[in-house]
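Worksheet for the structure shown next.
Read the figures in this text as sums done on the coordinates, not as results from a lab. Not measured: the values here are computed from a predicted model.
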Amino acid sequence: MIRILVVDDEELICNSLSLHLDESGFKVYKAYCYDEAIESLKENTIDIMITDLRLGSSDGIELVREALKINQNIVSIIMTGYGTFEKAFEAGKLGVFYFITKPFSMEQVDTVIKKVVNEINMKEENTELKKIINERFEFSNIIGKSAQMKKIFETIEKVCILDVTVLITGESGTGKEIVANAIHFNSKRKDFPFVKVNCSALPDALLESELFGVEKGAFTGADKSRKGRFEMAESGSILLDEIGDMELNLQAKLLRVLQNKTIEPLGSTKSININTRVIASTNQDLVEQIKQGKFREDLYFRLNVVNIKLPPLREKKEDIMLLAEHFLEKYNSEFGKSVKGFKKEVIDKFANYNWPGNVRELENVVQHAVIFAEEDKLSLKDLPDSMFSGNIAIISGTRSLEEIEKQHILNILSEYGHNISQAAKILGIDRKTLYNKMKKYGLSERQRQ
Ligand SMILES: Nc1ncnc2c1ncn2[C@@H]1O[C@H](COP(=O)(O)OP(=O)(O)OP(=O)(O)O)[C@@H](O)[C@H]1O
Ligand SMILES: [Mg+2]
């Protein structure tokens, strides 16, 4: 409730104005002089003060000045008589823009009060908005409030100022590239190039020349010298993306480059010094790759000075809706839509879904839903079919066939409300086979995902 202090040494005016405001639903305090007003201001949190310009031996302007010292958010309204323009001007300098000229009607008072109340509400909304923006849990556009992400923010903050090599690992779509961006763009190298190379996109021979450059005449067709990406990233950083896919031979060469801090372009005998910070990323399990002889252990230790391991989305559930809201805002403005939020059914689906494609998949899902949304809030029918197809386990890698089968059966069962006949039909097996499989995997008829 808005609290108003009425100050006037003319008791009749003070009382009648107070009564009117009280009847209009405000909490009203009265003061008949300067001192009483100060006392009331100190005791109560006043939102609006209406004061006469003349208060016996003191004046209203002085009171406004003191009131602001007590509470800087207070909005003052000054009641003035004729010929007090100069005083009004002085009041303006204190931020008083509301005046009521005596004699006045209660309607005039209501009009001014309405304006002031609007102003107060708007101010509150703005501070709320600012709060929301500040609490956005953002770091270089990386969003997250989960314990895992907070730790990652801390690590990024620590490593970005140092020149150490960082290895970023995590499933596809977990945000490895935006973390790499955050590291580079918060480092002292930020004004120099950030060069990215996708190590799985090029055949090995090409990747080598791409990384280290080519000397003119190095091979048939090399009619010009070409700078390598390492050289292009001079004084900046280089991201070796999908490093797990680099072939062993090239891994050995890369190791030498990292050790010596020099490169030799293909077909060249001279080496070039490089000053480039290396960030590597992969969605592969490099330790496993080492065991299988596919990745060099010595290179792994060179790269893994600091490891940032991004958790899959299903393991940081508290970030799901935060990210979803962020993407909703993004696609609302991109498509000129004004979807207000998510229905409970969608929030539940998001919480229970496996997110094999992680944050990228969440972004795609929200984008899709915003495009198809017809109501105020996103509902299940706005989500893409892929979220209901149940081929989750197949994408998420390293599981055995049996695990995939079990998960698939579970998905289908939950999708069809545990209706065995229907589920069996969809799975292309008879009911008996389905029962047997459920028994084998220890699935009860009502087991949930
Ligand atoms: N924490 C996050 N906050 C905001 N956006 C995110 C976050 N994590 C990922 N994204 C967004 O998700 C998408 C995928 O992220 P990114 O490309 O960094 O993933 P990745 O791990 O490199 O994936 P891949 O292994 O497939 O290359 C991007 O559009 C990115 O902006
Ligand atoms: Mg990537």
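Once the Cα atoms of helix 147-161 and of the chain are each reduced to a long axis, what angle between those two axes, in degrees from 0 to 90 to the nearest 10, is obtained?
The answer is roughly 80 degrees.
Rounded to whole Å, give me the distance from the Cα center of segment 58-81 to that of segment 259-316.
Each part reduced to its Cα centre gives a spacing of 66 Å.
Work out from phi, with θ = phi - 60° and the Karplus expression 6.51 cos²θ - 1.76 cosθ + 1.60, the ³J(HN,Hα) of each residue of segment 93-106, listed in order in whole Hz, and give x for Gly and Pro.
After applying 6.51 cos²θ - 1.76 cosθ + 1.60, I find 5, 8, x, 8, 10, 10, 10, 10, 8, 7, x, 10, 9, 5 Hz.
Per DSSP helix of 4 or more residues, -39500 (n - 2.57); summed, then divided by the residues of the chain. What does that give at 222 nm, rounded to the nearest 500?
-14500 deg cm²/dmol
Which of the three applies to the chain, rounded, prolate or oblate, going by the alpha-carbon gyration tensor with a ≥ b ≥ c and a/c under 1.5 meaning rounded?
oblate
Amide H neighbours of VAL6 under 5 Å, at least 5 residues apart or on other chains, H built in the peptide plane: list them.
Close amide H contacts, sequence-distant or interchain: TYR29, LYS30, ALA31, ILE50.
Run the reach check for LYS425 against lysines, Cα to Cα strictly under 20 Å, same-chain hits fewer than 8 apart removed. What comes back?
Correct list for LYS425: LYS406, LYS437, LYS439, LYS440.
Relative to the longest principal axis of the C-alpha atoms of the chain, give the angle of the C-alpha long axis of helix 34-43, reported between 0 and 90° and rounded to the nearest 10°.
Result, in degrees: 30.
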